[in-house]
Amino acid sequence: MSQPQTLLETKNLTKHFVTKRSFLGEPLATVRAVEGVNLTVEKGKTLGLVGETGCGKTTVGRTIVGLYNPTGGEVLLNGENVHATLAGPSAMTIRRKMQMIFQDPYSSLNPRMTVGDIIREPMEIHHLASQAEMKERVWDLLKQVGLNPEHASRFPHEFSGGQRQRVGIARALAVNPEFILCDEPISALDVSIQAQVVNLLEELQAKLGLTYIFIAHDLSMVKHISQRVAVMYLGSVAEIAPSLHLYDNPLHPYTQALLSAIPIADPKLEKSRKRILLEGDIPSPLNPPSGCKFRTRCRKAFDRCAEEIPVLKEVEPGHQVACHLVG
Ligand code: SF4
């Protein structure tokens, strides 16, 4: 059996945003959006990234693909430093390898371009094919995402939300990427359409060997598509584990609370489901709590939690937790 190969890795990835400066340019207020995040994604697999709004998951994703420069740490794709490469002559090559599917298919497609032109544009930018080849490729991509070649001459407003997201996926595939950041790609879609888009992403992954980071706040959908899941809270990873394992045996009090909120399909089990309510809002990343950042909402917090930052520790193979009560 072949060994799993790491495609993407973040090492101590940190992203701060200075929101206020003094007259002399000294930072007066800093949002600590991402703090020391270490993630690995194996080739051909999906890592789910979950957490409440404001937990830093989208900032991690956008820093990985180079939309933001990191404040610290690094991102490696096949061992190559992404941000160093983006600053040099091979920037276009690494940009081609890393693509993104956006949350909102309504605003991410140019309304004045036909769907054919939208899908063709990245191929033109990267000089990947002749005009005739691009036309064939656009038709092929439309078929791969479950649309018809005739759709190439239509405009985005002529499509439903689910169809527009399929166009967004075709555009991402147009340059033969190795890695795709799926930034809440189903959040803006009807529930009935969400599963179709997730199934399409899974089919394409199996066919093309793609590697995904799938960002979402819907934990049930993340379980379906991801082999591993990382739970983020206030810019840090609270727990990371193989997907099924995390759902069967969550160890961090925050993960336990998030999972307790998922409805169970079986009415008998649903009746006995005990929901752990998270009180209060996520604290401001401008001024995070001392020690464990989750302590202000944790029902198990004790003295040590205010004094010492819990380190992410491996408690069983592949399962890491940042909590003083575990490990
Ligand atoms: Fe709760 Fe303390 Fe564990 Fe943080 S370290 S999750 S506050 S018990």
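The values are calculated or read from the model by the stated rules, or taken from the named source; none is laboratory data. Just so it is clear, the model here is predicted, and its values are computed rather than measured. Heads up, the Cβs are rebuilt from the backbone with ideal geometry, glycines too, and the neighbour counts pull from every protein chain shown. Remember, those area values only see protein heavy atoms, side chains included, never the ligands or the DNA or RNA. Shrake-Rupley method; radii C 1.70, N 1.55, O 1.52, S 1.80 Å.
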Query raised in the report: Which condition number does Pro285 fail, the rest of (1) away from the ligand (no atom under 16 Å from the Cβ); (2) open to solvent by 80 Å² or more (accessible area, probe 1.4 Å); (3) farther than 30 Å from Leu173 by Cα; (4) touching a Leu at 6+ places or on another chain (Cβ under 9 Å) being met?
Result: (2)
Report summary line: Restricting attention to the range 257-268, the residues that are open to solvent by 40 Å² or more (accessible area, probe 1.4 Å) and either within 14 Å of the ligand (Cβ to nearest atom) or basic (Lys, Arg) (or both) number exactly 1
Query raised in the report: What pairs can you find where one residue is in the range 147-173 and closer than 20 Å to Lys97 by Cα, the other is part of a helix (DSSP H, G or I) and open to solvent by 60 Å² or more (accessible area, probe 1.4 Å), and their Cβ atoms are less than 7 Å apart, with a gap of 6+ or different chains?
Result: none
**Report entry** Output for the range 1-37, where each listed residue is part of a loop (DSSP other than H, G, I, E, B) and within 25 Å of Val321 (Cβ to Cβ)
**Finding:** Pro4
Query raised in the report: Do we have Pro253 as in contact (Cβ under 8 Å) with a residue 12 or more places away in the chain, outside the structural domain of Asn38 (by TED's automatic domain parsing) and within 11 Å of the ligand (Cβ to nearest atom) here?
Result: yes
Query raised in the report: Identify, please: which residue in the range 10-20 is surrounded by fewer than 18 Cβ atoms within 10 Å (Cβ to Cβ) and charged (D, E, K, R) and is, among those, farthest from His83 (Cα to Cα)?
Result: Lys20
Query raised in the report: Taking Gly44 and the conditions (1) touching a strand residue (DSSP E or B) at 6+ places or on another chain (Cβ under 7 Å); (2) on the phi < 0 side of the Ramachandran plot; (3) touching a residue at least 60 places away in the same chain (Cβ under 8 Å), which numbered condition does it fall short on, given that it satisfies the others?
Result: (2)
Report summary line: Residues of the range 210-247 being open to solvent by 40 Å² or more (accessible area, probe 1.4 Å) and at pLDDT 95 or above, in sequence order, are Gln227, Arg228, Pro242
Requested in this report: Find all pairs meeting these conditions: Cβ atoms under 7 angstrom apart; at least six residues apart or on different chains; first residue within the range 300-327 and in contact (Cβ under 8 Å) with a residue 12 or more places away in the chain; second residue in a helix (DSSP H, G or I).
Outcome: Lys300/Pro253; His319/His245; Cys323/Pro253; His324/Arg304; His324/Cys305
